[in-house]
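None of the figures in this text is laboratory data; all of them are computed from the coordinates on show. In this text the structure is predicted, and so the values were computed from the model without any measurement. Ideal geometry is used to build each Cβ from the backbone, glycine not excepted, and the neighbour counts take in all protein chains shown.
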Amino acid sequence: MAITTLTVGFTARLQATVITIPDALDQTGRYKIENSIKPISGEASLYVAGTMTFGNPTAQTGAYNVHELIPAGGGQYVFQMGQRWQSSAFGLLFPDPDAYITTDLAAGDSFLTVLRIDQITGDYSFFADPDLSMLEGDNTPLWSGKGGFTGAFDNVQFRGGNDDNGVVSYTGFGVYTGADTPFGVPSLQLTITEIVSNVDDTVTLTWKSDPTPGTTYKVLFNPDLSAPKSEWPDENDSFATQGDTTTYTTNCSFAEDRMFFVVEKN
């Protein structure tokens, strides 16, 4: 069982991988930047996240600026996001050409996008400027579709064109596989120090905690990260602090392939 623990303010993950894509700053004119990665396939929850920022001068409507997923072995892109060719619209361009964040790009516009793909079913969701401090299920996708590409891909490509192009930067791009996700931004308020999957399929979590007497924590669980946190069952809704460090072993056994946990201070 792959275990992913999410807490308010802290995310700790096991058996997960983040592939970091190098930033591409101040791109203009005609460009194509290929970011080759190991082929990725068979992922039930695959995320591609990053930010595109439009500088000055603004890209004209005869230009285009996109990031694309290219199938393993090459060929036509299978997902495309960014500024549509001969348009000032920005959003998910392929396979759904109408999932726009804006139709009036302007200098200084910056968009964080997250694409979630299920490579098994072909389902996918496109998030526009999501709040990454929240769980995925507490963000609403701009677009959700079915029947998307289910094969392997090995290239996250940045591409733009035409002589009247503006200045565009691609920053913070990453591909999240395994049990990893861009949702749930780390902070120093709660720190998970150990996660143990026990032989009886229970899970033991240890975190740095508030030693103040009367402090309690809530432990939630769910195998589906896309579910809103309000729908996550309680494993324990009032577990008392044990001091500077607190250790908790779940009452339930988890036989699922993976399970997500949330630890919150009450």
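Spin-label pair residue 244-residue 194: with each label point 7 Å from Cα along the Cα-Cβ axis, the two points sit 1.5 nm from one another. Ellipsoid fit via the Cα gyration tensor, region 110-264: semi-axes of 36, 19, 14 Å, each the root of five times an eigenvalue, largest first.
Near residue 152, within a Cβ-to-Cβ distance under 12 Å, what is the net charge of the other residues, with Lys and Arg +1 and Asp and Glu -1? Don't skip to the end; give the middle numbers.
Details: positive: 38; negative: 43, 154.
Charge balance near residue 152 sits at -1.
Build a GNM of the chain with springs between Cα atoms under 10 Å apart, and of 224, 244, 96 the one that fluctuates most is 244. With the convex hull of the Cα atoms taken as the outline of the chain, the averaged projected area works out to 14.7 nm².
Ordered by the number of other Cβ atoms lying within 10 Å of each residue's own Cβ, fewest first, 136, 43 fall into the sequence 43, 136.
The base-10 log of I(q)/I(0) for region 191-265, evaluated at q = 0.16, 0.24, 0.25 Å⁻¹, reads -0.57, -1.17, -1.23 [Debye formula, identical scatterers on Cα atoms, solvent excluded].
To make sure I understand, if each residue's beta carbon is the centre and we count other beta carbons within 10 Å, what order do 118, 104, 237 fall in, fewest to most?
On the way: 118 17, 104 9, 237 13.
Lowest to highest Cβ neighbour count: 104, 237, 118.
Projecting the Cα positions of 245, 148, 260 onto the charge dipole of the chain (unit charges on Cβ atoms of Lys, Arg, Asp and Glu, taken about the Cα centre) puts 148 furthest along the positive direction.
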